[in-house]
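The values are calculated or read from the model by the stated rules, or taken from the named source; none is laboratory data. Computed from a predicted model, the values in this text were never measured in an experiment. Cβ sites come from the backbone with ideal geometry, for glycine too, and all protein chains shown count toward neighbours. The protein model used for the area step is the full one, side chains on, heavy atoms only, and it has no ligands, DNA or RNA in it. Shrake-Rupley method; radii C 1.70, N 1.55, O 1.52, S 1.80 Å.
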Amino acid sequence: MSVLVTGGAGFIGSHVVRLLQQRGERVVVVDDLSNGRAERVGDAPLVQLDLAAERAPEVLRGAFAEHSVDAVVHFAARKQVGESVEQPARYWQQNVGGQANLLQAMQDAGVGRLVFSSSAATYGAPQVAVVREDGPAEPINPYGQTKLVGEWMNRAAGVAWGLRSANLRYFNVAGAGWPDLGDSVVMNLIPIVFTALDAGRAPVVFGDDYPTPDGSCVRDYVHVLDLAEAHLAALDHLAGDAAGEGHDVFNVGTGTGASVFEVLQVVREVTGIDVQPEVRARRAGDPPQLVADVSRIRDELGWTASKGLRDTVASAWEAWRAGR
Ligand code: WQD
């Protein structure tokens, strides 16, 4: 028996691979290595494959059989919001097309459990301060749309052939569980701030006139190791009798928001650098506040975040320094 992890050489995927290895599970990684790095997966067998390629279902069926796979954790996807707005067809082809190939191969091979990497981007710009899984999901960019469609595809597979899926909506993921597994792609606030500090530039705050306590946007920053643990809890849930109907959606966050100014204050404390930001205009499409209601995952999977913003920023900084 083994777990197949698509995107297992990436930032979040490699944390899940390592945790699974540490608890003695057999792991197989599928990754096209477009963003992933082979050295992150340790001694796990690595199948280099673009899930959206025509040959993908056949290659996956081979991997399922060869490694006696009984569950899949699916990370492999394009994940840059701005890029998705510029190249929507590519996002649909890669994310939705890749997942369709995966689901077809799982159905063919009788692999019946899936943990899916979804996103808070499925909520779009919510009107509420804290979002619940049963609230409206109205994504405002192609990236978020492909993730919502991914959840629907999993639900349809549950109806059609009994797939059990846990769909995890990640909030703002940061930090590192180990210094060699840090986020190497500079796309989000914390690595962007580190890049600015390294270059001696002022980090930019996009807007200080939001209806939030200090005027800057509020997000729910979750430590990548906590997030990775949530995947193990979800896998265990799917293997047990409590999986119910077999299609669940869970927010994965801390339940606590932090503003951009608060993040910068923690960066100051952790790095010892006197960060002096430059406030600029709002960035298009940013909701003022996006914080997870985490009661469902706590009640159903028994998972809660154990690390706070300081751990997240400190581990991100340590991995950042190790990678320079
Ligand atoms: C965080 C906050 C910015 C850079 C995105 C995706 C989301 C998810 C996570 C994948 C915002 C502010 C940022 C800067 C700033 N991705 N900011 N100065 O936009 O909350 O979420 O990543 O699932 O789908 O949309 O993350 O890290 O870009 O920004 O002030 O230089 O930091 O305005 O309020 P975001 P982010």
Looking at (1) under 18 Å from the mean Cα position of the chain (by Cα); (2) away from the ligand (no atom under 16 Å from the Cβ); (3) part of a helix (DSSP H, G or I), find the lone condition where VAL72 falls short.
(3)
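Would you please name the residue that is modelled with the lowest pLDDT, looking only at residues in the stretch 117-140 that are within 11 Å of the ligand (Cβ to nearest atom) and open to solvent by 20 Å² or more (accessible area, probe 1.4 Å)?
Residue satisfying both the conditions and the ranking: ALA125.
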Find all pairs meeting these conditions: Cβ atoms under 6 angstrom apart; at least six residues apart or on different chains; first residue within the stretch 114-139 and outside the structural domain of GLN289 (by TED's automatic domain parsing) and charged (D, E, K, R); second residue surrounded by fewer than 19 Cβ atoms within 10 Å (Cβ to Cβ) and outside any loop (DSSP other than H, G, I, E, B).
GLU133/ARG296
Quick one: which residue in LEU51, LEU33, LEU60 is in contact (Cβ under 8 Å) with a residue 24 or more places away in the chain and at positive phi?
LEU33
Just for the stretch 152-209: of the residues that are among the acidic types (Asp, Glu) and outside any loop (DSSP other than H, G, I, E, B), which one is farthest from the ligand (Cβ to nearest atom)?
ASP180
Tell me whether the stretch 221-244 contains one or more residues that are within 18 Å of the chain's Cα centre (by Cα) and at pLDDT below 95.
no
Only residues that are open to solvent by less than 10 Å² (accessible area, probe 1.4 Å) and either assigned to a loop (DSSP other than H, G, I, E, B) or not aromatic (Phe, Trp, Tyr) (or both): list them for the stretch 96-116, please.
GLY98, GLN99, LEU102, ALA105, MET106, VAL111, LEU114, VAL115
How many residues are surrounded by 18 or more Cβ atoms within 10 Å (Cβ to Cβ), over 17 Å from the mean Cα position of the chain (by Cα) and assigned to a loop (DSSP other than H, G, I, E, B) if we restrict to the stretch 294-324?
0
If you go through the stretch 224-236, how many residues are out of contact with any His (no Cβ under 8 Å at 6 or more places or on another chain) and either open to solvent by 20 Å² or more (accessible area, probe 1.4 Å) or not assigned by TED's automatic domain parsing to the domain that holds LEU168 (or both)?
3
Within the stretch 280-287, identify whether any single residue is at pLDDT 95 or above and more than 14 Å from the ligand (Cβ to nearest atom), and answer yes or no.
no
